[in-house]
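**Q** Please see the structure below; I have some questions.
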Amino acid sequence: MDSSSRPLSPHLGIYRWQVQMVTSILHRVTGIALAVGSLLLLAGLLSLAAGPSAYAAFRALLAFPLVQLLLLGWTWAFAYHLCNGVRHLLQDAGLGFARPVFVRNGWIVVVLSLLLTAAVWIASLVIGGAL
Amino acid sequence: MSDLRNPLQRARGLGSAKDGAQHWWRQRVTAAALLVLGIWFVLLVLALLRGSYAAAQTALANPFNATLMVAFVVALFWHMQLGLQVVIEDYVHTRGVELALQILVRLFAALAALLAIIAVLRIALGG
């Protein structure tokens, strides 16, 4: 085979983003984000253990718009990592490796994670009395 | 579970990763636990969203919820350590820095899990 017909991959000049790689990278990114978010769970449990005033302060912290935005991000990260984690477990069982299935499952995970995030936030707004 | 490793590999317990299949299995088992416990956790948070301190305290004082919360934080911080371990192995190539980070993540995960368990016990049993 002469050098001009050799496959060149990844060729950075013509390489494009694909759902296969994005879902893989996002699994790691959301995992790291959730590791940071675990601090909030820790804070919540410690405030609840410390008493009513500490718990009230924790609730006040959660009400800040920036924290609400972070919580929205963490909700999606959680939903995504959960859905894609299930996909990984199925792949560990040898399922879903045919290319069209792999691509389809990637999109299912992305859409499902967004739907789950919306469901949790709509539920929280309804419970919170905002809707 | 079937064991697909050849006998020599099993005898040594060492592949190119200098490690057997334990990490892989623990990551999967904690993932399966978190799939169930994570959904339970989100439902619990939603249920406590509008409630008072007393409602949250009463909910976690329920032995069923207290047990699941302890299981959740153990699975969570364990799974977190296993995941961050791989990230550090992949991206940190200076041996000293890598070792320091691996130890820090392990100590943080252990401390965080212990803190969370003590907090749950205090909530559940009264401080």
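**Q** Are any residues in the stretch A:6-60 charged (D, E, K, R) and either open to solvent by 80 Å² or more (accessible area, probe 1.4 Å) or modelled with pLDDT under 95 (or both), and if so, which ones?
**A** Correct list: A:ARG6, A:ARG16.
**Q** If A:GLY96 satisfies every condition in (1) on the phi > 0 side of the Ramachandran plot; (2) exposed (fewer than 12 other Cβ atoms within 10 Å of the Cβ) but one, which is the exception?
**A** (2)
**Q** Ok, one more. Under the condition of being of a type in the set (A, V, I, L, M, F, W, C) and surrounded by 15 or more Cβ atoms within 10 Å (Cβ to Cβ), which residue from the stretch A:109-131 is farthest from the other protein chains (Cβ to nearest Cβ)?
**A** A:VAL110
The values are calculated or read from the model by the stated rules, or taken from the named source; none is laboratory data. All figures in this text were calculated on a predicted structure; none of them were measured in a lab. Please note: Cβ atoms are built from the backbone with ideal geometry, for glycine as well, and neighbour counts cover all protein chains shown. For the accessible areas, the whole protein counts, side chains as well, though only heavy atoms, and no ligand, DNA or RNA atoms are used. Shrake-Rupley method; radii C 1.70, N 1.55, O 1.52, S 1.80 Å.
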